[in-house]
Amino acid sequence: MAAAPVNSHSQAQSEASPRTEHAVTASKADDAQGTANGADTLDNPHFKDLQRSLRNAMKKLNATAKVDAIVAENPGKSLDELVAEKIINADQKAQALKKPALQATVAQIEEQIAQFKNFASHYEERLNSQKTALEKAHKEELDAVREKVRAEATEAHQKDLRQRLLSLTKFLCAAAAMRRSGDETSPESRAFEGVLYQVYGGSHDAVSSMLKLIDGVDEKVVSVEGETLEVTYGKVKQTSEEYAPGGATEEVEATATSDPTLANAAYTELQDGPLDAGATAPNEIDTSAPQTEVPPPAQTLVSDAANQVAENSWEQNAAGSLESSANADGWVEVPRDPAETETGLQATPASVDIGLKNNPTVAETSAQSDETVSVPKTQSGDGFEPFADRANLQSELIIMALAADQRKKILRVLMISLVLDLISFTFILPLFPSLLTFYRSQDPSPTSLLNRVFHYLNAYKNSFAKPIDSRYDIVLLGGALGSLFSLLQAIAAPFIGRLSDKYGRRTALLCSMVGNTLSVALWVAATDFRTFLASRIVGGLSEGNVQLAHAIATDISDESQRGSTMALVGACFSIAFTCGPALGAALSNITTVAANPFATAAGVSLLLIVTETLYLYRCLPETHPRLTKLNFGPLRAEETASSTQKTNNNPAASKPDSTMPHKHTNNPALLNLLHLLFLLPFSGLEFSLPFLTATFYAGSTASPSALNGRLLSMMGLIASLLQGTVVRRLPPLMTLRAGVVACAISFFLLARVSSLVGLYSAGALLAVTSATVVTSLNSLGSFEAREGERGLVLGRLRSWGQVGRAAGPLLFCSLFWWVGREIAYTTGGFAMLAVCVGVFTTLKSPPVGSATKAVKVKA
C-alpha cells in the first residue's frame, strides 16, 4: 500500500509529459557525449572521473526510456499493475523508480564539470599572464646583459686604442728628445731614426711599421741606410716607455706638459690633408690607388733622411691641410700670435716663452730649464722646422685650458664674496626707521645733531603747498642718509678704480674691505647718532666691492663671456636683496647689548665682512692682465704677452697710454650720461614706493610695511630668476633696451594704478628693469675699457650712476609732494622715454670676438 502513492505519482508524471521527457533525456545524452568528446583538451584525472560518472549516469537514464514508453502506452496503470500483468518486470520497475535520482546525479555532475572548466579557464589565463610577464622580464634582462657586454667591449676597445696611441706618442716624444741630444751614431739613435723614416713614409709600409712599433714585435729595425740593426721594435717601444715622464701606466692618460718638443714631434699627426668626398681620412688606407713613396735624397748624416721625408710630406700637403682644418666640423677658434701674420709658418719661439712664463702652473710641471722649454732654432733641412708654428698653438691651448679652470675658480670666489658683502650691506636697510627712532629717543635735546637734521627736513617739507604727514620724517631721513652714501660713492669710485688699475684688483679690494670692516665696527659700537653717521660716511668712501667685482669680471672674461659674467654679478644683488633685509629684520629682534639694541644685527654683519675679507685674502688671486701670471680667455694671450714685453722694456709702459687712439663702439661718456639719466628717475621711483603704498591703506589700520616687504621680495625673486637664466644668455644691448622699456611702462602704470594687482604688475616690470639695465650698462662699459684703464672706466660709470642715486630721491619726492602722484610718475615716465630714445638711437652692440683670428686647431 505504501508504494501506491509513488506509483500514482509516477504514472501521472508519465502521462503528463512522456514525449518531453524522452526529448530531454535524449538531449542530455547528446550533451554528455559532446562533453566527453570535447573535453580532450583538459588532461586532468578528476575531470576524467567526472566525465566517466556522467556517461554511466546517462546510460542508466537512457535505459528507463523503454519503461517510460510502456507506461505511456498503458495510461492509468501503476507500475505494480504493470508488473502484475507482466508487462514490465521488477528490474524495469526499479529503473523507473531510480529515474529521479539519476536525473539529480546528472545535473550535479554537469554542474561540477562546468565549475571545473571555469576554474581551468581562469588558471590558464593566469598562467598565460605570468608567462608573458616572465618573457618580458627575461627579454629586458637579456637586453641589459647585451648592452652591458657591448659597453664593456667598447670600453675595452677604446682603452686598448688609447694605450696604443699613447705608445706612439711616447715614441714621438722620445724621438724628439733623442734627436735634440745630438747622439747620431748609437744603435738606439739609428733605430729611432729608422722607425721615424718609415713612419713618415706616408705609405702602407709606414702603417705596418707603426703597428710593429705599437705591438712591440721582435723584428729588427732597418736603419735609414737600409742596414738591419740589432735593435728590435720591442726595444724601441721599451726605450720610449722608459723615457715617458712619471712612468705613465695604461690606466693614466697622458697629461699636457709645457715641453714644446712634444708639439714638434706630434705635428705630423695633427697635420691632415683635405677630407672631401673623394679623399680618405688620415687613419684610413686608400686601396683604390697605389701609394707613391718619395725616395729620400742622398744622405750624409743619419738624422737628415727622416727630416727630409717629413719635409717633403709637409710641402706636398701644406696647401690643403690648413684649408681642411678650417672647414672641418668640431674645430674651435684659438688666438694666434701677431708675429705669425708676418712670418707665415716660421717658428716664433719668443711668443711661446712668454706664454709659458706667464703660466706658473705649466712652468712648475716641467722639469726642464728655460732654455729647454723654448723652441730651439732649427737648422736648414731639419724636419721639425715647419712644426714650430704648431708648438706655439700647442702652448696656447694648454694655457687656455688652465685659464678656463682658473676662471671658474675666480668666478666662484667672486660670487661667494659678493653675496656675503651685499647681504651684510642690506642688513641695515629695513632697520633705518627703528635705528633713527632709537637715536632720537637717546638724545631728545633740540641742539643734538639728529634733531637739527630733523629741523632742516621739516623746513624743507613746509616749503610745499601740501602738508606731509610727520610719520614720513624718519623715511625722509633714511633717504637722506642713502643719498649721502651714494654721493660719497660717486666721489670715491673713480679713485678706487684708478688704484685697482695701478696696484691690482686684489690689493684695491682688500683695502676696500678694511674700510668696510671699520664701517660695520663703528655701527656695532654706535650708541648715538654721531657714531652711526660716521659709520655711514666711512662705508660710503670705502665701498668698492661692486665696481671691483665688475672689473674682475671683465678681466676674467672675453667679449663672448662678458654679458653672462656680468649677469651673474647682477644675480648676486638680487639674491642678497631678497634674503638680506629679512635676516636683518629678524636679527634686530634679538637684543644682546642694552646700550645698542641693534648690536646683534651689526655683529652678524661684521662677522660676514670679516669672513669675506679672510676668504678673499686666501682664495682670490690677482686678475689684472698686467699683473697676473695667467691669461683669461682666448684674447688674453696676445694682450698679456704684448703688455709684459712692453713692461719689461719700459716700466712706464704699465700706465695706460692716453695718447694712443682707441676706437669706441659706444663712447664711455655717453654710457656715463645714460647711467645718470636712468638712475635719476629710477632711484626716485624706488624711494617713493613707501609713500605710494601708504595711499592704498589711507584710513585703514593695516600696515603698509607688510605690503612693501611682499612687493620688494617679489621683485627680488623675479630679478634673480631673470639674471640666472635669461639675462646671462642675451646680448647686453638687447637686455638694456628691454629694461628701459619696462621701466617706462611701469612709470605710466604707477601713475594710474588703483589696485594691488596693478601695483604688483608694475613691480614685476620694475624687477625686469632691476635685472637688466645696470648690469647691461656695466657690460657695455667693460667693452670700451682698455686693459690698463678698466678700473678707472668702470669706476667713472659707477660714479655717474651714484650721482643719479643721490639726487633722484630728493628730486622725485619733491615732485611727488608738490604736484601729486599722477603728474610725478607721468613726468618720470616721459623722462624714461627720453632714456629709451637715447638707448635705441645712440648705442650699438659691440662686436664680439673681432680680435680673434680665424685659425682653427683640432679640439
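The values are calculated or read from the model by the stated rules, or taken from the named source; none is laboratory data. Not measured: the values here are computed from a predicted model. Cβ placement follows ideal geometry from the backbone for every residue including glycine, while neighbour counts extend to all protein chains displayed.
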Those residues of region 165-191 which are over 47 Å from the mean Cα position of the chain (by Cα) and touching a residue at least 24 places away in the same chain (Cβ under 8 Å) amount to Glu184, Thr185, Pro187, Glu188, Ser189, Arg190, Ala191
So how many residues does region 214-229 have that are hydrophobic (A, V, I, L, M, F, W, C) and in contact with a strand residue (DSSP E or B) (Cβ under 9 Å, 6 or more places away or on another chain)? 4
Extreme residue, farthest from Ile423 (Cα to Cα), among residues of region 576-635 that are at pLDDT 90 or above and charged (D, E, K, R): Arg618
Pull out all pairs, ordered by first then second residue, where Cβ-Cβ is under 8 Å, the residues are six or more apart or on different chains, the first lies in region 471-483 and is outside the structural domain of Gln802 (by TED's automatic domain parsing) and among the acidic types (Asp, Glu), and the second is surrounded by fewer than 19 Cβ atoms within 10 Å (Cβ to Cβ) and modelled with pLDDT under 70. none
Which listed residue is within 27 Å of Thr842 (Cα to Cα), in contact with a Leu (Cβ under 9 Å, 6 or more places away or on another chain) and either in contact (Cβ under 8 Å) with a residue 40 or more places away in the chain or not assigned by TED's automatic domain parsing to the domain that holds Lys502 (or both), from Arg790, Arg737: Arg737
Does region 180-201 include one or more residues that are closer than 17 Å to Val221 by Cβ and loosely packed, with under 11 Cβ neighbours inside 10 Å? yes
Scanning region 561-593 residue by residue, those β-branched (Val, Ile, Thr) and either outside the structural domain of Tyr503 (by TED's automatic domain parsing) or free of Cβ contacts under 8 Å to residues at least 60 places away in the same chain (or both) turn out to be Ile590, Thr591, Thr592, Val593
Condition first: small (Gly, Ala, Ser) and surrounded by fewer than 20 Cβ atoms within 10 Å (Cβ to Cβ). Now tell me which residues in region 717-756 satisfy that. Gly724, Ala751, Ser754, Ser755
